[in-house]
1. Among the residues of segment 113-163, count how many are part of a helix (DSSP H, G or I), more than 26 Å from R89 (Cα to Cα) and within 13 Å of the chain's Cα centre (by Cα).
2. Could you please let me know if A51 is touching a Ser or Thr at 6+ places or on another chain (Cβ under 7 Å) and part of a helix (DSSP H, G or I)?
3. When the residues of segment 39-71 are narrowed to those that are under 27 Å from H83 (Cα atoms) and of a type in the set (V, I, T), which ends up surrounded by the most Cβ atoms within 10 Å (Cβ to Cβ)?
4. Return the total of residues in segment 197-209 being at pLDDT below 95 and either within 22 Å of S265 (Cα to Cα) or part of a loop (DSSP other than H, G, I, E, B) (or both).
5. Given the criteria farther than 13 Å from D130 by Cα, modelled with pLDDT of 95 or more and charged (D, E, K, R), does E97 qualify?
6. Using the structure shown, decide if A225 is closer than 26 Å to V315 by Cβ, surrounded by fewer than 18 Cβ atoms within 10 Å (Cβ to Cβ) and at pLDDT 95 or above.
7. Residue pairs, Cβ under 7 Å, 6 or more apart or interchain, first in segment 229-247 and under 11 Å from A217 (Cβ atoms), second buried (at least 21 other Cβ atoms within 10 Å of the Cβ) and hydroxyl-bearing (S, T, Y). List them.
8. Might you check whether a residue that is over 25 Å from T67 (Cβ atoms) and in a helix (DSSP H, G or I) occurs anywhere in segment 101-110?
Amino acid sequence: MTVKRAFSAVLVGGLVLTSLTVSRAQVDARRIEEVFKKEVLTPEDLAVVDAFMNESVGRLVRTIDFTEVAKTRVVILSRQNTHPQYAQRFSEAALKEIAAGFDYAAGIGDANRGFRVFANLLILINELNDPRLADLAIRLIPHENNTVRYWAVRAATNPGVWDKLGQNPAAGTQAGKILSACGQVVDTSSPEVLHLMAQFTGRYNTAPANELLIRIAEARIRSYANWTAGYELADAAILKLLAAKVTTGGPANSQLARPFAQLYSFTIQRFLRGVQANTLKESSRNHLASVLVETEEQCIGKLLGSPQSQIRRAVETGDFNALQAEHDRLLGGASQAGALPAKFSFAYGPAGNSRAPLPLPEPPAPKPAPATPAAPTPKPAARPPATGSHANH
């Protein structure tokens, strides 16, 4: 969709245009292109940038069709420019109008429509790669809708944004806000959101980042225990991040190593039980197999100081006895202490007094199908009234 030749001074739900002398002027693709190419901008030029962003974000807020929303985002992105004067005004206008869009979305009575507006604006923030907009995304990380939360975390932790922040002193403050916001919703986040959160913790070897990563691993451990894990591929990244932090050394080693070992154990146990009972979907079987093999190749060898290949061999050959034996050798079992607990001095269980990982609980019993209500007993047909000579007897 091209930029409209005319725009309204007042957009949906209070998105009010407050630009300068062009507040009621014609703003079209030609005008913004002229400003786009200038080296020095006048107040009128800056007002054109404001008006363009006001009209474009307003259209994004109003539009329901996904294709049209995508086209509008492309138009906005195509008008970005690295020229300092233009870039600063473009960023300021985006901050103002997207914030107004969030205010509008919060007031929409239709929850389904509201979360779509939030998500569309967050996708725009993610694509703009503008550190100035990060705070807008951070505020929505605790949102109750997991789609909104996903895009909020993705926009706030966008690697492009963090590459631009670099060593900026503000980066530390922003990181603290993100870790705190993520910590509020770890226990209610989807695996996809936890994956994004975990990736961000990998940027920092600090106590808050390590604590969040441990909580993410524990959330995944609980999801395996109650048989709601889903998206098992996320665990390969989480396990890799835990192992990387363990190998850097320090007093947090055992604190990080224990959730690593328990989560890895549950992925192995889930794979074994699902394959043997033929209860795994093909996608889950493939994902779990990838987690088992990748974790062995990329983590176990580094943690123990020598290459490991027994798990790969057992998975490829379908040798479940060998897989169970390697699980017990690495992580611990009923009759032996595991190599990882021995090296990093940790034990399992709530009290930390067991040398074997927690066993995967039995799956919940399937809920019985609701009883079909009995069909009502038909009433006897009414007898027809008497007729003829017997009617009067």
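The values are calculated or read from the model by the stated rules, or taken from the named source; none is laboratory data. Every value quoted in this text rests on a predicted model; they were computed, and no experiment measured them. Quick reminder, even Gly has a Cβ in these numbers, built from the backbone with ideal geometry, and neighbours come from all protein chains shown.
1. Matching residues across segment 113-163 total 5.
2. So A51 fits the description; yes.
3. That would be V49.
4. Count: 5.
5. Considered against the rule, which asks whether it is farther than 13 Å from D130 by Cα, modelled with pLDDT of 95 or more and charged (D, E, K, R), E97 comes out as yes.
6. yes
7. Listed by first residue and then by second, the contacts come to D235/T267; L239/Y264; L239/T295; L241/T201.
8. Looking through segment 101-110, at least one residue is over 25 Å from T67 (Cβ atoms) and in a helix (DSSP H, G or I).
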